[in-house]
Amino acid sequence: MFRSRRRALGIVLLMILPLVLAASSDPDPTKQAALITDAVNSHVNGIAVTDPNPGALCPTIKQAVASGIPVVMFNAGFANWQQCGAMSYFGQDETIAGIAAGQRMAKAGAKHVLCVIQTQGQIQLEERCAGVVQGFGSAGTVTKIYVNGTDNAAVLSGITAKLTQDKTIDAVITLGAPYALITLQAESTAHSNAKVYTFDTNAQLVAKIKSGAVQWAVDQQPFLQGYLSVDSLWLYLVNGNIIGGGKTVLTGPSFIDSSNIAKVAVYAAAGNR
C-alpha cells in the first residue's frame, strides 16, 4: 500500500509500477503544465494532479488522458475534473465549505469580516471567499483583500495596513493556515481584537487553535486526498477499480475547533494532519 504526503497546490504525483512513487511541483501554472507533459513523456503509469488554474492545466491533463494514462485529480479542480477527463476527484466543494464557514462566523456574532486571498487567479480560493459571503448573508459585511502569498512580509504588511485602517473588522478568515499565523502577528501590530478563523491547518496552526488564538479551521483533510488519489490509481492499475462512480469523493468540509483539537493534535504531531 502506498502512503502519500501532504503537498501544496500544483503537485503532480507520478506512480510507476511496481513500487516507485515520485512527486513534483511548481507554483507557476505554466510550469505545472510542463510537469504534466514531462510525466506523459516519461510514460508513467498514472498521474494524480491538482488543478488550481483550469485554463493552464486542463488542456495538458486532457493530453495525458488521450495518451492512455489514467489521471485522477485532488484538492483543486472540483468544478472541472470531469471536463478535463479525470477518472475521479478527491476533495471538497469549496463553495459549500465557504458557506459553512460564513454561517458559523455569523452565528458567533461577527459583523465585519475580512477575507484574505493569498493568490489571485486560483479558482478554489475565490470560491471559498464567495461561499463565505453567501453563508454570512445579511449578518454584516465581508471585505476581500488580496495579498502576495509567496512573500510573507508583504502578507503581514497588507493585513496590518487593513486592520489599522478599518477598526470595525471583528473577524478575519484566511484561506490557508500560514496566513492565519501571519494574521496573528498583524493583529498585534495593528492592536486589533478581531477573531481569527482559517481554512486548512498545519502543526503550528493546531497549536494556535489549542491555545484559543485561532477559533477554528475548516479542514478538507489534504492528507486523505493525497492518500486516496495514489491508492485509487494503484487499485485501477492492478485491479481495474474506479472509486467514486463518476461523482466527487468529498473529504470535507469539517471543522477543527476546541471540541476536537486534542485528538487532532495527536495526528498533527505524527505529520498526518
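The values are calculated or read from the model by the stated rules, or taken from the named source; none is laboratory data. A quick note: this is a predicted structure, and the numbers were derived from the prediction, not measured. Neighbour counts run over all protein chains shown; Cβ positions are idealised from the backbone, glycine included. Ligands, DNA and RNA are excluded from the accessible area calculation, which covers all protein heavy atoms including side chains. Shrake-Rupley method; radii C 1.70, N 1.55, O 1.52, S 1.80 Å.
For the range 61-115, the set of residues classified as open to solvent by less than 40 Å² (accessible area, probe 1.4 Å), closer than 25 Å to residue 231 by Cβ, in a helix (DSSP H, G or I) and without any contact (Cβ under 8 Å) to a residue 60 or more places away in the chain consists of 61, 64, 84, 94, listed by residue number. Which condition does residue 246 not pass, out of (1) open to solvent by 40 Å² or more (accessible area, probe 1.4 Å); (2) outside any helix (DSSP H, G or I), if it passes all the others? Residue 246 satisfies all of (1) open to solvent by 40 Å² or more (accessible area, probe 1.4 Å); (2) outside any helix (DSSP H, G or I) except (1).
Of the residues contained in the range 2-25, none is found to be closer than 25 Å to residue 238 by Cα, at pLDDT 85 or above and in contact with an Asp or Glu (Cβ under 8 Å, 6 or more places away or on another chain). Looking across the range 48-60, just one residue is without any contact (Cβ under 8 Å) to a residue 60 or more places away in the chain, in a loop (DSSP other than H, G, I, E, B) and not acidic (Asp, Glu), and that is 50. Residue check: residue 127 meets all listed conditions (1) charged (D, E, K, R); (2) in contact with a Ser or Thr (Cβ under 7 Å, 6 or more places away or on another chain); (3) open to solvent by less than 10 Å² (accessible area, probe 1.4 Å) but one, namely (3).
Residues in the range 249-273 that are open to solvent by less than 30 Å² (accessible area, probe 1.4 Å) and not acidic (Asp, Glu): 251, 252, 256, 261, 264, 265, 268. From the list 189, 198, the lone residue that is farther than 25 Å from residue 124 by Cα and in contact with a Ser or Thr (Cβ under 6 Å, 6 or more places away or on another chain) is 189. For the range 176-194, a tally of residues being crowded, with 21+ Cβ neighbours inside 10 Å and outside any helix (DSSP H, G or I) returns 3. Residue selection: residue 210 satisfies the criterion of being surrounded by 15 or more Cβ atoms within 10 Å (Cβ to Cβ), of a type in the set (Lys, Arg) and either over 17 Å from the mean Cα position of the chain (by Cα) or at pLDDT 95 or above (or both).
Every residue, every condition in (1) outside any helix (DSSP H, G or I); (2) without any contact (Cβ under 8 Å) to a residue 40 or more places away in the chain, yes or no:
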residue	(1), (2)
197	yes, no
204	no, yes
210	no, no
228	no, no
233	no, no
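In this structure, residue 165 qualifies as surrounded by fewer than 17 Cβ atoms within 10 Å (Cβ to Cβ) and farther than 23 Å from residue 29 by Cα.
Within the set 206, 214, the sole residue that is among the β-branched types (Val, Ile, Thr) and in contact with a strand residue (DSSP E or B) (Cβ under 6 Å, 6 or more places away or on another chain) turns out to be 214. When the range 119-158 is filtered for residues that are assigned to a loop (DSSP other than H, G, I, E, B) and closer than 19 Å to residue 93 by Cβ, only 122 remains.
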